Each structure stands twice: as C-alpha cells, then as structure tokens.
Amino acid sequence: MTNPKQVQGAWRRGWTLDVQTISSTFAGYYPNGREKFDTIRSEVGELVYQLKYKAQTGSADTIAEMMAEHFANKPIILSHIDLVLPMPASTRRAVQPVYSIASELAKKLEKTYTENAIQKTKQTPSLKNITDAEERRDVLEGAFEGVKAQLEGKGVLLVDDLYRSGATANAVTLALIAAGASRVYFLAATRTRSNT
C-alpha cells in the first residue's frame with residue numbers, strides 16, 4: 001500500500017510512492033554521543049531503509065514491484081518509456097540501492113536497463129546542508145552529461161530511492177533532454193516530509 005504524490009520538475013511527469021518517515025521522535029543519545037531517534041517509516045520507506053542501511057537486497061525486488069504497480073493504470077506513459085535509468089549514486093556503496101531497484105523495475109516493466117547513459121562530470125558537495133534552492137542549482141549546474149548514443153530519441157524513466165527537493169533529479173533530467181531523450185519521466189520510491 002502506497003500514497004503516491006506527483007512532483008514537479010523538468011520531467012514530463014513525476015511521482016513519489018510515499019513518505020520515507022511517518023514520524024521521528026528524539027530518544028536520547030547513543031554511547032558515542034550521537035542523537036538517537038525512534039523512527040516510524042512507511043512500508044516502502046522501511047524497505048528503502050533496510051536496503052540502504054541493512055543490506056537487505058531482497059527489498060529491491062519488493063520496491064520495484066510497488067513501482068511497477070504504480071504504472072499498472074498508465075499504459076500510455078508506459079508505452080513511451082524505452083529505458084529505465086537510475087539516478088547516479090551520491091554515496092559509494094558495495095551495492096548501490098537505486099541501481100538494484102531500477103534494474104529490478106526494468107525487468108518487471110520489460111524495458112531496457114542502463115546505468116551508464118548519464119555521467120557525472122564534476123564532483124559536487126553533499127546537498128543535505130545546502131537549503132537554498134538557487135545555491136543547489138548553482139552547485140549542480142553542468143554536473144551531469146547524457147550519452148547521446150544511448151539517449152537520442154528515447155523515452156526515459158529516471159528512478160530514485162529518495163526525493164528531497166528534486167534539485168539533483170532536475171539537473172539529471174535536463175542533461176538527459178540535452179542529450180536527445182525524447183521524454184523523461186521520474187519516479188522515486190520515497191519522499192522526505194520536508195523538501196529542503
């Protein structure tokens with residue numbers, strides 16, 4: 001069960017399936033001094049958390065199934081999608097969660113999966129601490145480049161695990177369009193409760 005929401009951006013249509021966290025209550029401190037929180041997550045939010053932080057790789061298939069169900073009543077949109085492409089990962093991990101989700105989703109939708117049709121062209125700082133929207137856009141300007149040979153004339157579904165402000169997804173979408181993608185759709189598994 002999900003609670004989809006449309007999100008606006010450079011893409012043609014974009015959605016998130018549900019919130020990441022329903023609530024998060026301060027619960028004291030760990031022995032190392034870090035703050036501790038009691039967090040309640042949505043169903044898909046818990047799956048994303050288990051995949052990213054507990055290496056529960058089976059969660060990718062369940063998340064992909066939920067995403068595929070989102071397209072069950074969107075046959076026209078589905079007919080315009082040729083490629084499923086994960087957002088470029090911002091943190092290096094042995095297994096990239098968003099790549100696992102997008103790969104499983106491509107299989108379920110019977111679409112081509114690729115993770116190298118978009119390249120990061122410059123290092124960027126973490127956006128978590130940049131709350132100003134214009135500053136985020138400046139940091140991300142020219143940070144991505146699409147591979148024309150893979151994208152020209154193709155409809156793309158850009159997949160992410162967590163949507164916050166949409167700044168990075170927007171920058172990637174613009175790069176995909178600049179490289180000749182005919183249309184870009186966006187789908188994230190979860191969204192933060194705040195978009196800054």
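The values are calculated or read from the model by the stated rules, or taken from the named source; none is laboratory data. Here the structure is a predicted model, which is why all the values come from computation and not from measurement. Ideal geometry is used to build each Cβ from the backbone, glycine not excepted, and the neighbour counts take in all protein chains shown. What goes into the accessible areas is simple: the full protein's heavy atoms, side chains included, and nothing from ligands, DNA or RNA. Shrake-Rupley method; radii C 1.70, N 1.55, O 1.52, S 1.80 Å.
List of remarks:
- Probe 1.4 Å, accessible area per residue of region 150-196, Å²: 34
- Once the Cα atoms are used to define both axes, helix 97-109 deviates from the longest principal axis of the chain by about 50 degrees.
- Region 74-196 shape via C-alpha gyration tensor axes, a/c threshold 1.5: prolate
- Here the Karplus curve 6.51 cos²θ - 1.76 cosθ + 1.60, taken at θ = phi - 60°, turns the phi angles of region 149-166 into couplings of 4, 8, 9, 3, x, 9, x, 10, 9, 8, 10, 9, 8, 9, 9, 10, 9, x Hz, with x standing for Gly and Pro.
- Measuring between alpha carbons in the structure, the pairs from K108/K148; K108/K128; K52/K108 lying more than 28 angstrom apart are K108/K128.
- Accessible surface of R191 - all protein chains present, 1.4 Å probe, nearest 10 Å²: 20
- Computed from phi, the 3J(HN,Hα) profile of region 16-25 under the Karplus parametrisation 6.51, -1.76, 1.60 (θ = phi - 60°) reads 10, 6, 6, 5, 6, 10, 8, 7, 8, 10 Hz, with x in place of Gly and Pro.
- When each of the peptides 111-118, 66-73 is scored by how many other beta carbons lie within 10 Å of its residues on average, the order from highest to lowest is 111-118, 66-73.
- Note on region 10-56: Rg/Rh from Cα positions, Kirkwood definition for Rh, rounded to two decimals, is 1.14.
- Shape category assigned to region 1-150 from the gyration tensor of Cα positions, a/c cut at 1.5: oblate
- Rounded percent of accessible protein surface that carbon and sulfur make up, region 128-196, 1.4 Å probe: 45
- Database remark: amide H of T21 closer than 5 angstrom to the amide H of S42, R193 (H placed geometrically; neighbours at sequence offset of 5 or more, or on other chains; Pro and chain starts carry no H).
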